[in-house]
Ligand code: GUN
Ligand code: ZN
């Protein structure tokens, strides 16, 4: 069905790290967006498009008129997240390797029960919608049923999602361990069942080099090559003890990235979480191979892993496709605002200020570019899938007060980044269908 939204709108039309801010950000103060069959049919000023509001039988198409402090924006994209860790967000007192053993593997073991996993997937996707996140690259548990649960719930909502079962055949408890052959066979069966079904895509997911044997690493690379169009995701250079562990397990490799390179796991549609402790050689190799990084700032801060140097990753002479990510449950919030704020803090910690436009890019178009989906989601333009959010720019008394001090759109966006949460997401559309509308009765 055709319908339309009228109101202020923003979208990123290019990468501001490369093209500069002004040419990248499009701000329509009075936009009209025509949505048809799940896609954006037209986007422009209301004046230029008002004639399209009349349907074929001469009847006006349904129009939602947005309010004065509302802003239409592309849905946010989470380029690295573990849905199976939803119950352990904010687990106390550890850093990465202890955290995995004490909390993550224990939580993931419960997903052997498909009904439990389905419940978790439903809760996770509900939080995504409430926070304005419309797509993601998602880690499931080692159990194939956790992937079935996730994909069936995502497909019921019509969401564009990529996901995969984690492959891990060593250095993990037996309840969450597979073997090289079993991991391969289960992944292939999941690819056959789900990859390309509607808006779903399969992501081969060797968890990280320390938890896969060389045999499993080789199989994961071969599986990816054997299934064109699938994705591959893993973790890279998150903490210094992890780097030492990888060196001891793969002594013949040049560095951490070279392990993945050796097993054929770099290239377009490969996405690596974190990328904090990387050498210049590794960054150049990521660029040369078209491999992406998911920047996970709340997780990096919470687990004291370090501060990712996103400006270095995006250096104009060898830019790396980079998206923002929550990395729940190492990450501490579903909110893209909290995640953008953590990215700002991480940049501050290494000596520069990440602008609101750059942060917004990383959470939308940049994440879409990292996931090689920029021709489908992450911005507002004719032909794109209609995953949209409507933001309330004055969602709390404090933000409303702060807005009175803002002179520019950039000031307003930064106020949201610092102060907003899920209350700022008034509505979320998936492929043009309204799936979340903030319930005023639940507001304080
Ligand atoms: N490295 C390997 N597995 C994980 C995980 O689940 N979370 C984080 N943050 N890092 C990892
Ligand atoms: Zn992760």
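The values are calculated or read from the model by the stated rules, or taken from the named source; none is laboratory data. The structure presented is a predicted model; accordingly, all values stated were derived computationally and were not measured. When we count neighbours, we look across all protein chains shown, and the Cβ atoms used for this are built from the backbone with ideal geometry, even at glycine.
Inside the stretch 184-213, can you point out the residues that are in a helix (DSSP H, G or I) and within 24 Å of residue 248 (Cα to Cα)?
Initially, the stretch 184-213 is screened for residues in a helix (DSSP H, G or I), giving 184-194, 209-211.
Listed by number, the residues that qualify are 209, 210, 211.
Listed here are the residues, each with its yes/no results for (1) away from ligand 2 (no atom under 16 Å from the Cβ); (2) more than 25 Å from the chain's Cα centre (by Cα); (3) farther than 30 Å from residue 301 by Cβ.
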position	(1), (2), (3)
3	yes, yes, yes
7	yes, yes, yes
12	yes, no, no
22	yes, no, yes
25	yes, no, no
34	yes, yes, yes
55	yes, yes, yes
93	yes, yes, no
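Any residue at all in the stretch 313-323 that is more than 22 Å from residue 19 (Cα to Cα), surrounded by 24 or more Cβ atoms within 10 Å (Cβ to Cβ), at pLDDT 95 or above and within 16 Å of ligand 1 (Cβ to nearest atom)?
Filtering the stretch 313-323 down to residues more than 22 Å from residue 19 (Cα to Cα) leaves none.
Within the stretch 313-323 (the criterion being more than 22 Å from residue 19 (Cα to Cα), surrounded by 24 or more Cβ atoms within 10 Å (Cβ to Cβ), at pLDDT 95 or above and within 16 Å of ligand 1 (Cβ to nearest atom)), the answer is no, since none of the residues qualifies.
Quick one: is residue 370 under 14 Å from the mean Cα position of the chain (by Cα) and either modelled with pLDDT of 95 or more or crowded, with 24+ Cβ neighbours inside 10 Å (or both)?
Answer is yes for this residue.
Within the stretch 285-307, can you find the residues that are more than 12 Å from ligand 1 (Cβ to nearest atom) and either under 23 Å from residue 205 (Cα atoms) or crowded, with 24+ Cβ neighbours inside 10 Å (or both)?
Listed by number, the residues that qualify are 285, 286, 287, 288, 289, 290, 291, 292, 293, 295.
Which condition breaks for residue 139 when tested against (1) buried (at least 22 other Cβ atoms within 10 Å of the Cβ); (2) away from ligand 2 (no atom under 15 Å from the Cβ)?
If we test residue 139 against (1) buried (at least 22 other Cβ atoms within 10 Å of the Cβ); (2) away from ligand 2 (no atom under 15 Å from the Cβ), just (2) comes out false.
Taking the conditions exactly as written (buried (at least 20 other Cβ atoms within 10 Å of the Cβ) and either at pLDDT 95 or above or more than 18 Å from residue 26 (Cα to Cα) (or both)), does residue 411 satisfy them or not? Full working, then the answer.
On the way: buried (at least 20 other Cβ atoms within 10 Å of the Cβ): no; either at pLDDT 95 or above or more than 18 Å from residue 26 (Cα to Cα) (or both): yes.
The answer is no for residue 411.
Given the stretch 45-134, what strands (runs of 3 or more DSSP E) lie entirely inside it while holding 2 or more residues that are touching a residue at least 40 places away in the same chain (Cβ under 8 Å) and touching a helix residue (DSSP H, G or I) at 6+ places or on another chain (Cβ under 7 Å)? Write out each step before concluding.
On the way: elements: 63-65, 70-74, 76-82.
Answer list for the stretch 45-134: 76-82.
Would you please name the residue that is nearest to residue 377 (Cα to Cα), looking only at residues in the stretch 164-185 that are free of Cβ contacts under 8 Å to residues at least 60 places away in the same chain and in contact with a strand residue (DSSP E or B) (Cβ under 9 Å, 6 or more places away or on another chain)? Full working, then the answer.
At the first step, the residues of the stretch 164-185 found to be free of Cβ contacts under 8 Å to residues at least 60 places away in the same chain are 165-171, 174, 177-185.
Checking the rest, the ones that are also in contact with a strand residue (DSSP E or B) (Cβ under 9 Å, 6 or more places away or on another chain) come to 165-168, 178, 180, 183-184.
On the way: 165: 24, 166: 25, 167: 28, 168: 31, 178: 34, 180: 34, 183: 31, 184: 30 Å.
Here the residue is 165.
What residue, of 220, 244, is within 16 Å of ligand 1 (Cβ to nearest atom) and within 15 Å of residue 202 (Cα to Cα)?
Numbers: 244 fails: within 15 Å of residue 202 (Cα to Cα).
Checking each option against the conditions leaves just 220.
Please find, among 279, 355, 299, the residue that is out of contact with any helix residue (DSSP H, G or I) (no Cβ under 6 Å at 6 or more places or on another chain), within 16 Å of ligand 2 (Cβ to nearest atom) and either at pLDDT 95 or above or under 25 Å from residue 432 (Cα atoms) (or both).
On the way: 279 fails: within 16 Å of ligand 2 (Cβ to nearest atom); 355 fails: within 16 Å of ligand 2 (Cβ to nearest atom).
On inspection, the qualifying residue turns out to be 299.
Given the criteria touching a helix residue (DSSP H, G or I) at 6+ places or on another chain (Cβ under 7 Å) and surrounded by fewer than 19 Cβ atoms within 10 Å (Cβ to Cβ), does residue 155 qualify?
no
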